[in-house]
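Each remark here refers to the structure printed beneath this line.
The values are calculated or read from the model by the stated rules, or taken from the named source; none is laboratory data. All figures in this text were calculated on a predicted structure; none of them were measured in a lab. Please note: Cβ atoms are built from the backbone with ideal geometry, for glycine as well, and neighbour counts cover all protein chains shown. Ligands, DNA and RNA are excluded from the accessible area calculation, which covers all protein heavy atoms including side chains. Shrake-Rupley method; radii C 1.70, N 1.55, O 1.52, S 1.80 Å.
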Amino acid sequence: MGKADNLLNKISEYQRELKKLQSECNHTKKDIRFIDYQRGVRYVCRDCKVLLGWPSQEEIYKWSNK
């Protein structure tokens, strides 16, 4: 196996580990974060960084005026 294969295997392993962590997380703390221009603003778990949903327009307004 070459160096690229090793890196791809590690990436795959870390992605599985992250999925497991996110599925076991209780998502008790969430923040509003700007993700990117296509996805916009979302709720994100502070601990596992999974996208949780969309804040309301009022919540976005309060967040953007901090």
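A quick yes/no check of all residues on (1) surrounded by fewer than 10 Cβ atoms within 10 Å (Cβ to Cβ); (2) closer than 20 Å to Trp63 by Cβ:
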site	(1), (2)
Asp5	yes, no
Glu17	no, no
Lys20	no, no
Asn26	yes, no
Asp31	no, yes
Phe34	no, yes
Tyr37	yes, yes
Cys45	no, yes
- Ile60 among the aliphatic types (A, V, I, L, M), open to solvent by 60 Å² or more (accessible area, probe 1.4 Å) and at negative phi: no
- Message: If Tyr43 meets every condition in (1) in contact with a Gly (Cβ under 8 Å, 6 or more places away or on another chain); (2) at positive phi apart from one, which number is that one?
- Response: (2)
